[in-house]
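Q: Take a look at the following structure, please.
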Amino acid sequence: MKAKPSRAFEHSASTASLFTVLAYIAQKLKVAAAEFSRLPGALKLAWAAARLWTALWAVLLVLQGLLPVSSVYLTRPLVNRILAAIKSGGTWESVRPAIAIGVLIAAIALLTEILRPATVWVRTHQSELVQDYITALIQRKSAEIDLAFYDSPEFYDRLHRARAEASYRPVLLLESLSGILQNGITLTAMLAVLAPFGVWLPVALLASTLPALYVVLRNTVRQHEWRLRTTGDERRTWYYDWLLTGHEAASELRLFALGDRFQTAYAALRKRLRGEKFQLAQSQALGEFAAGALALLAAGASLLWMAWRAIRGWITPGDLALFYQAFQQGLGLMRSLLQNLGQLYASSLFLGNLFEFLALDPTVLSPPSPSPMPSALKSGIRFERVTFRYPGAQEPTLSDFSLTIPAGRMVSLVGPNGAGKSTFVKLLCRFYDPVGGRIELDGRDLRSFQIEELRRHITALFQEPVRYNDTARENIRLGDQGASEAEIEAAAVAAGADEIVRRLPAGYDNPLGKFFNDGAEISTGEWQRIALARAFLRQAPILILDEPTSAMDPWAEAEWIKRFRSLAHGRTAILITHRLTTAMRADEIHVFFGGRVVESGSHEELLRCGGLYAQSWARQQEPQHSA
Ligand code: ATP
């Protein structure tokens, strides 16, 4: 038979569980307090972004905080004066003070009405400026950090959170902060009004909202943890949406009838996320209901007590009116305060994300005292036993890799897909640093130069050039923003882009791409030539072209190569290509295989040695048999 627990045991058990709950609340509040420590950072941001508006905002806050309490405070003399006037038969002498107080209350109400739109006006300026400031910080950071960050999904999660919330969080943060300050000022004054009726009244008012405070903080933390956990899923829904609505996948989507597949995947993911969100909202609503009922109970008890005192004649009707107003408003204020606090907490959690993102530091850095860049290469580029592994990759892409490219020569890099040709270029541009070995330019380690200076000495056509939705002229000018019109046109001629541009209705001033009005869409090969012109425009001593002829027809290729040799004269040119008819024009050809150079020499030399190159050449030269 089970023994019945004694009362003493029950008592100590309930005391213990009360302590557990209190300890839990204390711990949550401690975590919340740590989050709030980011608020000075938020204010600093607001101050840096909009000094004048932030100062104005602070003044308006104080004014708006004090006005409601002054009108509440005037309620008591007003009611008492009206009663006195009624008692003395409504003489002018007795009515005048009541009218004076009434006018004062009306003036306060008018000022409140004026300040409200003024605050909206100030806050619009302030929040727009803060929003743009934060967006600029995010953009600057994205442009400055290592390319390696773009290889990590966690980075995309962080960027997504920072960007998705940057548009409204700072505004919400300022609004909730202003709400807290304004409501806080009013509430403090209200509490001061209530205190003379009994010190326990303000205490009861504050204590009655403690459960709600706990509920608000707990819900915010849960929501935040949920956001952290589901950022990847949310990004995936964005990805499906992009596939379904964007231009990039539009053709395949139609041909392979993929719309339903992606829509189903999107809907399934959204359904799960929505369900989880609803669950959170439900537990939030239940918590808020319980906390609200407790607050109501406290309010009812206090009101009953005051009514009883009024009946006994211990307080005047003016006192009762003042108390009722102050208590009612106090409750409303506490409710808004809690809401503000919840929003502020959520926003400070966002700031945590933002500051985390802004704290990402590039590891590919310029040295403190960089070496001067040689204006023209004398000896050339040398990779000396370089080993490189992409972040998170198991195997190195380049391992013990050595290659020398003499200055002023034109070399071709050929080899199968994934052999490491583009990786070689990325290392040369210092988008990544190798984990072993040295990369030298004229005998100096690449890491001894200032990065921007180094990159200014390189021009490149990447494998997937960007299609800027701007005029043809601007598309080319982006290679060298100080270039003259004549230089832009000369670069276009050299790249074989001039005739394409001249065919457009507005020539060089014709917008390209269909994203904006009046844009012309051009073919992939034509885009490639525009990008080539951009690369040619920059007069850099190192010229890198990754698959420059991949989208060119064979006639255009032959003609282009002839022109390219004269254009590249005196420069160190690196040509990455799968077309051996392009590669053969180079002074030297290097064959990449499995992250190493396995053959080097001129076209004839490589054909003679009968290796990989010779086999590929033979295959490319085979006549195309029809089936
Ligand atoms: P292709 O001829 O197809 O352009 P490539 O010779 O230029 O190929 P690279 O782009 O240098 O080859 O890629 C070499 C290897 O490095 C590939 O096996 C690829 O999987 C890997 N790789 C490339 N980029 C990354 C990256 N950002 N993160 C991880 N691995 C990468």
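The values are calculated or read from the model by the stated rules, or taken from the named source; none is laboratory data. Keep in mind that what you see is a predicted model, and the values were worked out from it rather than measured. Every residue, glycine as well, gets a Cβ built from its backbone with ideal geometry; the counts of neighbours run over all protein chains shown. With ligands, DNA and RNA removed, areas are computed over all heavy atoms of the protein, side chains included. Shrake-Rupley method; radii C 1.70, N 1.55, O 1.52, S 1.80 Å.
Q: Within the chain, what percent of beta bridges assigned by DSSP are antiparallel, to the nearest 5?
A: Working: 19 of 38 bridges.
Antiparallel bridges: around 50 percent, rounded to the nearest 5.
Q: Here is a follow-up. Given contacts defined as C-alpha pairs under 8 Å and at least six residues apart, what's the relative contact order of the chain, whole-number percent? Spell out each step's value before the answer.
A: On the way: 789 pairs, mean separation 85.7, N = 627.
Reported as a whole number, the value is 14 percent.
Q: Enumerate the calculated ³J(HN,Hα) couplings along region 247-261 in order (Karplus 6.51 cos²θ - 1.76 cosθ + 1.60, θ = phi - 60°), each rounded to whole Hz, writing x wherever the residue is Gly or Pro.
A: Going residue by residue, I get 7, 4, 9, 4, 5, 4, 4, 6, 5, 8, 6, 9, x, 4, 4 Hz, with x marking Gly and Pro.
Q: Just the number, please: percent antiparallel of the DSSP beta bridges in region 395-552, rounded to the nearest 5.
A: Rounded to the nearest five, the antiparallel share is 40 percent.
Q: Shifting gears a bit: In 20 Å bins starting at 0, how do the alpha-carbon pair distances of the chain split up by percent?
A: Going out from 0 Å in 20 Å bins, the chain shows 14, 33, 26, 17, 9, 1, 0 percent.
Q: Under the rule of at least 5 residues apart or a separate chain, name every residue whose amide H is placed under 5 Å from the amide H of PHE593.
A: VAL598
Q: Can you tell me the order of 450-456, 91-97 when each peptide is scored by its average per-residue count of other Cβ atoms within 10 angstrom, highest first?
A: Highest-to-lowest ranking by the protection proxy: 450-456, 91-97.
Q: If each residue of separation counts as 0.36 nm, what is the full-extension length gain between THR316 and ASP553 once their alpha-carbon separation is subtracted?
A: 75.5 nm
Q: Right, something else. How large is ³J(HN,Hα) for each residue in region 299-305, as worked out from phi by the Karplus curve 6.51 cos²θ - 1.76 cosθ + 1.60 (θ = phi - 60°), to whole Hz, x for Gly and Pro?
A: In residue order, the calculated couplings are 5, x, 4, 5, 5, 4, 4 Hz.
Q: Hey, with R₀ at 51 Å, roughly what FRET efficiency would GLN279 and LEU39 work out to, going by the Cβ-Cβ distance, to 0.05?
A: The value I calculate is 0.95.
Q: What's the FRET efficiency of ARG596 with SER70 using the Cβ-Cβ distance as r and R₀ = 60 Å, to the nearest 0.05? Show your work: numbers first, answer last.
A: Details: r = 82 Å, r/R0 = 1.37.
Calculated value: 0.15.
Q: Any chance you could look up the accessible area of TRP242 with a 1.4 Å probe, heavy atoms only, rounded to 10 Å²?
A: Its heavy atoms expose roughly 120 Å² to the probe.
Q: How many angstrom separate the Cα center of region 362-423 from the Cα center of region 203-224?
A: A separation of 58 Å, based on Cα centres.
Q: Go ahead and run the numbers for FRET between LEU244 and ASN517, Cβ-Cβ distance against an R0 of 25 Å, rounding to 0.05.
A: FRET efficiency, LEU244 to ASN517: 0.55.
Q: So, one more: Quick one: what are the phi-derived ³J(HN,Hα) couplings along region 369-375, Karplus 6.51/-1.76/1.60 with θ = phi - 60°, whole Hz, x for glycine and proline?
A: 10, x, 7, x, 6, x, 5
Q: Just order 558-568, 190-200, 276-286 by mean Cβ neighbour count inside 10 Å, highest at the front, would you?
A: So the peptides 558-568, 190-200, 276-286, ranked by packing, come out 190-200, 558-568, 276-286.
Q: Against the longest principal axis of the chain, how steep is helix 524-537, in degrees 0 to 90 to the nearest 10, with axes from Cα atoms?
A: The answer is roughly 90 degrees.
Q: Next up: What percent do you get for the relative contact order of region 41-358 when only Cα pairs under 8 Å and 6+ apart count?
A: Values: 255 pairs, mean separation 100.6, N = 318.
RCO, region 41-358: 32 percent.
Q: Something else about it: Can you tell me which of 439-448, 580-589, 308-317 comes out highest on packing, and rank the rest after it, using the mean Cβ neighbours within 10 Å?
A: Working: 439-448: 17.1, 580-589: 20.0, 308-317: 12.0.
Taking the mean over residues of other Cβ atoms within 10 Å, the ranking is 580-589, 439-448, 308-317.
Q: Go ahead and collect, in residue order, the members of region 447-467 whose backbone nitrogen is under 14 Å from a label point 7 Å along the Cα-Cβ direction of GLN539.
A: 457
Q: Taking N as the number of residues in region 467-539, what is its Cα Rg relative to 2.2 N^0.38 Å? Could you put the intermediate results ahead of the total?
A: Working: Rg = 10.7 Å, N = 73, 2.2 N^0.38 = 11.2 Å.
Here the Cα radius of gyration is 0.96 times the empirical estimate.
Q: On a full-extension model of 0.36 nm per residue, what is the gain between TRP226 and ARG389, subtracting their alpha-carbon distance, rounded to one decimal in nm?
A: Result for the pair: 55.3 nm of gain on full extension.
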